[in-house]
1. Fewest first, what order do 31, 44 take by the number of other Cβ atoms within 10 Å?
2. Would you mind calculating the gained length between residue 177 and residue 48 on full extension (0.36 nm times residue separation, minus the Cα-Cα distance), in nm to one decimal?
3. Taking amide H positions as placed 1.01 Å from N in the peptide plane, with prolines and chain starts having none, which residues 5 or more places from residue 120, or on another chain, fall under 5 Å of its amide H?
4. How far apart, in nanometres, would the label points at residue 82 and residue 31 be if each is projected 7 angstrom from Cα along the Cα-to-Cβ direction?
5. Calculate, for residue 89 and residue 153, the FRET efficiency according to 1/(1 + (r/R0)^6) with r their C-beta to C-beta distance and R0 35 Å; round to the nearest 0.05.
6. Which of rounded, prolate, oblate describes region 120-209, given a ≥ b ≥ c as roots of the alpha-carbon gyration tensor eigenvalues and a/c under 1.5 marking rounded, otherwise prolate only if a/b is larger than b/c?
7. Under the 0.36 nm per residue contour assumption, what length would be gained going from the current alpha-carbon distance of residue 39 and residue 96 to full extension?
8. On a 32 Å Cα-Cα criterion, which of the cross-link pairs 86/193; 94/135; 86/135; 86/197; 62/197 come out too long?
Amino acid sequence: MSPDNMEEKQDLIEYLKSLPDVEDTMPPIPEEEPVEEPELSPAEQLANVIRQASARSRLVTKTQITQEIEQGEILLTAMAMMNSCKDIRSTSGKAETYYYSSQVMTDNFAMIATLVAEEDNPATLAQMVRFHAEKYPAATPFTYFYEHPYSWTPEQFALALEQVKAIPAYADIVEVQAYDGTPFLISTLYVSKAYGKALADFGQESTESM
């Protein structure tokens with residue numbers, strides 16, 4: 001820096017120092033007050049417990065609620081009448097009523113989770129085969145029950161299928177084979193054996209193309 005430039009810089013500093021103090025006329029920025037969350041009622045707190053369980057793919061049983069929460073039965077009644085809890089639904093098994101949140105768990109998954117929780121493998125097998133045949137329609141591969149959330153072993157599946165074949169109420173559950181011999185199950189309540197075999201062929205082709 002040249003001497004002339006240094007002198008100019010020093011003069012500027014001196015000038016700035018000589019200026020009178022000016023009061024800041026800008027008003028201070030007000031601090032934002034924290035927004036208070038509305039206090040949840042006991043019934044809404046129960047709904048949150050059910051939502052948290054659903055987020056972990058779990059159901060909450062009526063027994064758990066009535067035995068572990070004070071006035072649980074009353075809270076269930078109150079929860080059912082609140083608009084803020086409209087997402088809380090229930091599904092009934094043979095031995096228990098289960099609660100879940102439709103915000104995070106579909107009705108279909110809740111149905112499957114109920115079957116798994118009931119631990120009635122023959123009923124689970126028959127109901128899911130019927131469900132697939134009626135809704136899509138589709139044939140159900142044996143391996144479907146080896147996957148989550150069932151996670152059956154081949155031995156558990158074989159036992160369940162043997163029990164299904166011995167129960168007259170499940171006589172509509174029959175086995176068909178795809179073109180390559182892969183076994184599937186169908187329900188003749190909803191599809192014929194011929195159509196069921198075509199569905200098995202399609203299901204196997206879809207698997208092989210993946």
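1. Details: 31 6, 44 17.
The most exposed by this proxy come first: 31, 44.
2. Stretched fully, the residue 177-residue 48 segment lengthens by 41.8 nm.
3. none
4. Between residue 82 and residue 31, the label points sit 3.2 nm apart.
5. Numbers: r = 32 Å, r/R0 = 0.90.
E(calc), rounded to 0.05, equals 0.65.
6. On the way: a/c = 1.69, a/b = 1.21, b/c = 1.40.
Cα axes put region 120-209 in the oblate bin.
7. Details: separation 57, 0.36 × 57 = 20.52 nm, distance 3.12 nm.
Value of the extension gain: 17.4 nm.
8. Working: 86/193 42 Å; 94/135 23 Å; 86/135 26 Å; 86/197 42 Å; 62/197 42 Å.
Table pairs above 32 Å Cα-Cα are 86/193; 86/197; 62/197.
Just so you know, all these numbers are worked out from the coordinates, no wet-lab data involved. The model shown is predicted, which means the values in this text are computed figures rather than measured ones. Note that each Cβ is placed from the backbone with ideal geometry, even for glycine, and that neighbours are counted across all protein chains shown.
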